Amino acid sequence: QQVLAISRRRDRLIEIVPLASTLRSSRELLARSAPASVEFSTEIAPDIGEVLGDADSIQQAVTNLVARAFELLRGRAGKVRIEASAHLRGNKRYARIVVQDDAPGLDADARARLFEPYSPHRIGAAPVADLGLSVVHRIVSEHEGIITVQSEPKRGTRFEILLPSAVGLLPRDEPQRAAAVDAALPPAASTDARPGEVVLVVDDDPTVLAVERQLLESIGYTVIACGDPFDR
């Protein structure tokens, strides 16, 4: 699902999203999936406001960040917290969403490549490729937002998302709201291949490799698929 979410065309439902209720819905689902060893908490300001975008995508972004923290803390005690509040930056209003954990953190090199889908980094002794973080980055970018990360080894990770507030953009009951909203965000980037383009895909998971090959061929690429970087 994450591989498909990175690359495929998507029909986005763009609307005014009340963030407080949207995040509360995510909170209930995440609380049920938290490992027993993890203390999960939230602080969602009721006046966080509204943003212009796709509620399902915003929920997916937050869920991916929290699920990542849960996975890193599985089998060990730890804390994961969501904070959401209104934020003023310069002369612009934003909704700020923070996801913070005390799982093993990242060094400077890993932070620099964190949102690249196929650049594994190390957390402890194990290499980790965070496909979910690439999806988060894409979602935030589509909403013309900003995502930053603070992390250090053994000190946890703090993700901060700023989404532009919808205050002043549109009257709530504007008759032409739908057309205006559709024009407010840029369309999803085209993924059409150019004729003759060839892509080499290497993945050691046969299932993922098959999905990637099918996906790329479906949008017009000629695909050479290998399960080992030394295949000839």
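The values are calculated or read from the model by the stated rules, or taken from the named source; none is laboratory data. Values in this document were obtained by computation on a predicted structure and should not be read as measured data. Cβ placement follows ideal geometry from the backbone for every residue including glycine, while neighbour counts extend to all protein chains displayed. Side chains included, ligands, DNA and RNA excluded: accessible areas come from the protein's heavy atoms. Shrake-Rupley method; radii C 1.70, N 1.55, O 1.52, S 1.80 Å.
General observations
- Within region 213-232, residues that are over 11 Å from residue 198 (Cα atoms) reach partners that are open to solvent by 90 Å² or more (accessible area, probe 1.4 Å) and in a helix (DSSP H, G or I) with beta carbons closer than 7 Å, at six or more positions or on different chains, in the pairs 227/206.
- Single residue of region 210-226 satisfying the filter (closer than 27 Å to residue 142 by Cβ and open to solvent by less than 40 Å² (accessible area, probe 1.4 Å)) that is modelled with the highest pLDDT: 223
- Subset of region 187-204 that is open to solvent by 60 Å² or more (accessible area, probe 1.4 Å) and modelled with pLDDT under 80 - its residue that is nearest to residue 163 (Cα to Cα): 187
- All positions within region 195-212 that are free of Cβ contacts under 8 Å to residues at least 24 places away in the same chain and of a type outside the set (S, T, N, Q): 205, 206, 209, 210
- Scanning region 8-25 for residues that are open to solvent by less than 40 Å² (accessible area, probe 1.4 Å) and either modelled with pLDDT under 85 or not in a helix (DSSP H, G or I) (or both) gives 14, 16, 17.
- Residue check, residue 118 modelled with pLDDT of 80 or more and open to solvent by 30 Å² or more (accessible area, probe 1.4 Å): no
- Close contacts from region 153-173, counting a first residue that is closer than 22 Å to residue 84 by Cβ and modelled with pLDDT of 90 or more and a second that is hydroxyl-bearing (Ser, Thr, Tyr) and open to solvent by 40 Å² or more (accessible area, probe 1.4 Å), with Cβ to Cβ under 7 Å and a gap of 6+ residues or different chains, come to 160/148.
- Criterion: in a helix (DSSP H, G or I) and farther than 18 Å from residue 147 by Cα - qualifying residue of 39, 28, 43: 28
- Scanning region 142-156 for residues that are open to solvent by less than 60 Å² (accessible area, probe 1.4 Å), in a strand (DSSP E or B) and not hydroxyl-bearing (Ser, Thr, Tyr) yields 146, 147, 149.
- Tally of residues being in a loop (DSSP other than H, G, I, E, B), of a type outside the set (A, V, I, L, M) and open to solvent by 30 Å² or more (accessible area, probe 1.4 Å) across region 50-94: 5
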